[in-house]
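Beneath this line is the structure, given in structure tokens, with notes to follow.
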Amino acid sequence: QWHLMNVYRSTDRFDLAIKAGTRALRLAKAHDLHERLAYILHDLAAMYISIDWVASLTYNEQAMTLWRELNNTPMYLESMNLYSLQQSFIGKYDEALKGAEETFEIGTLINNQWALTYSYYVMTSVYLQKMEISNALTAAKTSLAIAIESDTLGGQITMNFLLGMLYL
């Protein structure tokens, strides 16, 4: 059900994705599958980000709690970056920057290049929303440099796209 949710989500069939995600969530809870539950919650949070902010934030906070309990730092950082992005979208810029900075610090300690790249993506987003274009450009360029240095293709694509938008 979890994979089905992601297939439906990636093919823009959100009504079916929500149904599959709800079934996946119910099964993971019923069978006490904490790690699987954390993945499901994280992906539900990502899916709900454009549909229902309250649900997205609730799912992500639950996922973050589980990642900490499971001592899965890379996935905690993934959820923390999503949390920071959520905060930026609702105008809690200080909270968003604080989360991005925490993600960067922990990501540096464990050498998680995707977390480093994405933490600067969040910073770019915050500065762009605040119309601090100079800071947004600096953060985007830093993110792109990290992505290039670490050969993180997804980060390079994302940040080149964002830089292009900033320059326009």
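The values are calculated or read from the model by the stated rules, or taken from the named source; none is laboratory data. The model shown is predicted, which means the values in this text are computed figures rather than measured ones. A quick note on method: Cβ atoms are made from the backbone with ideal geometry, for glycine too, and the neighbour counts reach across all protein chains shown. What goes into the accessible areas is simple: the full protein's heavy atoms, side chains included, and nothing from ligands, DNA or RNA. Shrake-Rupley method; radii C 1.70, N 1.55, O 1.52, S 1.80 Å.
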If I take every Cα pair under 8 Å that is 6 or more residues apart in the chain, average their sequence separation and divide by the length, what percent do I get for the relative contact order? 12
Computed from the coordinates I sent, semi-axes √(5λ) of the Cα gyration tensor in Å equals one of (1) 26, 21, 16; (2) 39, 18, 15; (3) 28, 17, 15. Tell me the label. (3)
Whole-Hz Karplus couplings 3J(HN,Hα) for the stretch 154-168, θ = phi - 60° and coefficients 6.51, -1.76, 1.60, Gly and Pro as x, run x, x, 5, 5, 4, 6, 4, 4, 5, 4, x, 5, 5, 5, 5
Residue-ordered couplings for the stretch 33-47, obtained by feeding phi - 60° into the Karplus form 6.51 cos²θ - 1.76 cosθ + 1.60 and rounding to whole Hz (Gly and Pro as x), are 9, 4, 5, 4, 4, 4, 5, 4, 4, 4, 5, 5, 4, 5, 5
Specify whether the C-alpha gyration tensor of the stretch 14-113 places it in the rounded, prolate or oblate class, a ≥ b ≥ c being the square roots of the eigenvalues: rounded for a/c under 1.5, otherwise prolate if a/b is larger than b/c and oblate if not. oblate
Keeping all protein chains in place, calculate the accessible area per residue for the chain (probe 1.4 angstrom), answer in Å². 53
Pull up the cross-link candidates among the lysines for Lys19, meaning alpha carbon to alpha carbon under 28 Å and not fewer than 8 places away within one chain. Lys29
Just going by the charge dipole of the chain, with Lys and Arg at +1 and Asp and Glu at -1 on Cβ, which of Ile18, Leu82, Thr158 is farthest out on the positive end? Ile18
With the crude spin-label approximation of a point 7 Å out along Cα→Cβ, what separation in nm comes out for Leu4 versus Glu102? 3.6
By the mean-Cβ-within-10 Å protection proxy, highest first, 94-101, 3-10, 150-157 rank as 94-101, 3-10, 150-157
For the stretch 80-147, rounded, prolate or oblate, judged on the Cα gyration tensor with a ≥ b ≥ c (square roots of eigenvalues), a/c < 1.5 rounded, else prolate if a/b > b/c? oblate
Lys, Arg +1 and Asp, Glu -1 on Cβ, resulting dipole of the chain about Cα centre, debye, nearest 20: 460
